[in-house]
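Engineer: Sharing a structure below in structure tokens format, with a few things to ask.
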Amino acid sequence: MENMLIISNIILWLVVIFLSVIVFALARQIGVLYERVAPAGALAINQSISAGAAAPELSVQSLQGELITVGKARTDGRSQLLFFLSPDCPVCKQLLVPLKSAARSEQKWLSVILASDGGHQQQHEEFIAQHALSEFPYVISELLGKSYGISKLPYAVLINEEGIIESLGIINSREHLESLFEAKERGVSTLQSYMEARENSQEQYYAAQVENKS
Amino acid sequence: MNLLHHPQIQLTAVLLISAVFAHGFWHKFRAFDEYIENIAQYQLVPEGLLLFVSRMLMVTEAFIALGILIPSVRTVAAVACMALLIIYIMAITLNLVQGRHHIACGCGGEHTTLSIGLVLRNICLCVAALFTVNTTQAVSLTWQGFCFSVLGAGALGLLYAIWTQLLTNQSLMRRH
């Protein structure tokens with residue numbers, strides 16, 4: 001009986017070790033995936049503006065009645081995120097939750113402005129009420145969309161406190177939205193350009209290593 | 001029998017501490033330049049003393065890994081282990097309080113940055129080291145007890161590795 005208990009105990013320990021090895025391997029694989037999978041950035045397609053250039057300066061009136069100056073250098077040190085959307089655009093609606101969450105988490109340095117360029121005012125007001133967007137200035141301006149070269153929705157432009165475009169792109173997911181902030185933090189125009197630069201520097205490093213060896 | 005002085009638990013703790021510090025030493029020895037940079041990032045050691053302090057920490061880890069296996073110096077190694085872990089805990093906490101979450105810990109994991117999880121891990125190791133104090137006599141065990149200690153130390157070592165890997169993953173997640 002005692003022998004049986006000892007044997008079963010040893011078997012149990014071996015099972016615990018085996019399971020721990022599996023958990024470790026899985027955790028390691030997740031780590032490797034994080035190292036290999038590059039973050040997806042917002043696709044920066046735009047023929048009118050580009051990152052690093054001065055943002056077109058415009059004064060527009062929001063639906064709430066407030067006069068908003070877009071693209072001007074600000075004295076309060078806050079950046080502006082222009083988020084172009086439309087009540088008819090299903091992807092825009094899906095992105096409202098991550099947008100609100102980003103606006104909350106980045107509220108120390110960021111002001112979010114929602115912009116649309118068409119449709120009836122009543123439709124936009126219903127959209128604001130339906131999705132509880134009253135906390136953000138909501139602008140309807142065709143000129144704003146044209147000045148910023150917006151051809152596809154949803155689209156976002158991040159303008160820094162000096163009125164310079166930090167990053168921009170089509171936003172289809174929370175990850176794309178966050179990539180704009182990430183690009184600003186890393187001092188690059190888009191995450192794609194950052195990844196390209198990183199790959200190039202790695203290739204140069206490996207080439208130098210090969211040369212040194214030979 | 002007092003749980004703190006149970007030979008089976010003592011042997012498990014001894015094997016675990018030895019394996020953890022041997023791994024830590026080997027990692028630092030392999031990438032010593034990187035380790036010096038990690039120590040510098042803590043901003044607690046003057047630049048002129050960086051090389052000396054890094055070498056001392058590495059040698060202490062090697063001493064703990066070996067010394068804890070030898071009954072006559074086990075207590076000294078265990079006290080050194082606890083002292084070293086307390087220094088690590090204080091250094092990490094100080095940097096966390098100052099908001100330097102992004103710096104690499106230099107504690108054996110790849111790209112593992114400072115976090116509360118790391119402090120908790122070191123506290124657990126400190127508790128394990130406590131079980132090895134005052135055991136200067138050779139541990140006498142039956143073969144079954146020896147087997148269970150080795151298997152227990154293996155399982156705990158794997159849990160330690162999993163914990164470290166999860167902390168590394170968390171750091172990589174933050175980077176993304």
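Engineer: Give the list, by residue number, of cysteines in the protein assembly as shown with no other Cys Cβ closer than 4.7 Å, or say none.
Structural biologist: So far as the 4.7 Å Cβ criterion goes, B:81, B:124, B:126, B:147 stand without a partner in the protein assembly as shown.
Engineer: Restricting to DSSP loop positions (anything but H, G, I, E, B) with no more than 16 other Cβ atoms inside 10 Å of their own Cβ, which chymotrypsin sites (Phe, Trp or Tyr not before Pro) remain in region A:18-122?
Structural biologist: A:109
Engineer: Per residue, how large is the accessible surface of region A:65-132? Use a 1.4 angstrom probe and give square angstrom.
Structural biologist: Result: 52 Å² of accessible area for each residue.
Engineer: May I pose another question? So what are the three principal axis dimensions of region A:1-130 from its Cα atoms, in whole Å, longest to shortest?
Structural biologist: 86, 36, 30
Engineer: Given a 1.4 Å probe and no ligands, DNA or RNA in the count, how much accessible surface is buried by A and B, both sides, to the nearest 100 Å²?
Structural biologist: Interface area, both chains combined: 1900 Å², rounded to the nearest 100.
Engineer: While we're here: Please identify the helices of chain B, taking whole runs of DSSP H, that span at least 24 Å along their own axis as judged from the Cα atoms and have a mean Kyte-Doolittle score of 1.6 or higher.
Structural biologist: Length and hydropathy pass: B:50-67, B:74-97.
Engineer: What is the dipole size for the protein assembly as shown, taken about its Cα centre, with +1 at each Lys and Arg Cβ and -1 at each Asp and Glu Cβ, in debye to the nearest 20?
Structural biologist: About 980 debye.
Engineer: Same structure again: Using only alpha-carbon positions, what ratio does the radius of gyration of the protein assembly as shown give when scaled by 2.2 N^0.38 Å?
Structural biologist: With N residues counted in the protein assembly as shown, Rg over 2.2 N^0.38 Å equals 1.36.
Engineer: Around residue A:120, under 13 Å between beta carbons, what's the net of Lys plus Arg minus Asp minus Glu among the other residues?
Structural biologist: -4
Engineer: So, one more: 7 Å from Cα along Cα→Cβ at both residue A:18 and residue A:32: what's the point-to-point distance in nm?
Structural biologist: Between residue A:18 and residue A:32, the simple spin-label model gives 2.2 nm.
Engineer: Along the three principal axes, how long is region B:35-176 when you take its alpha carbons, biggest first, rounded to the nearest angstrom?
Structural biologist: 50, 35, 20
Engineer: Pop the C-beta distance of residue B:50 and residue B:134 into the FRET formula with R0 = 45 Å and round what comes out to the nearest 0.05.
Structural biologist: 0.80
Engineer: Can you give the net charge of the other residues whose Cβ lies under 15 Å from the Cβ of residue A:154, counting K and R as +1 and D and E as -1?
Structural biologist: 0
Engineer: Sticking with this structure for a sec: Can you compute the modelled spin-label distance between residue B:41 and residue A:47, with each label point 7 Å from Cα toward Cβ, in nm?
Structural biologist: 4.6 nm
Engineer: So which of A:72/A:108; A:184/B:28; A:108/A:146 end up more than 27 Å apart by C-alpha?
Structural biologist: Violating the 27 Å limit, Cα to Cα: A:184/B:28; A:108/A:146.
Engineer: In whole percent, and with a 1.4 Å probe on the protein chains, what portion of the accessible area of the protein assembly as shown is carbon and sulfur?
Structural biologist: Its accessible area is 61 percent carbon and sulfur atoms.
Engineer: In Å², what does the accessible area per residue of region B:40-176 work out to with a 1.4 Å probe?
Structural biologist: Per residue, region B:40-176 has an accessible area of 50 Å².
The values are calculated or read from the model by the stated rules, or taken from the named source; none is laboratory data. Keep in mind the model is a prediction, meaning the values are calculated, not measured. Note: ideal-geometry Cβ built from the backbone for every residue, glycine included; neighbour counts use all protein chains shown. Accessible surface is based on the protein model in full, side chains and every heavy atom, while ligands, DNA and RNA are left aside. Shrake-Rupley method; radii C 1.70, N 1.55, O 1.52, S 1.80 Å.
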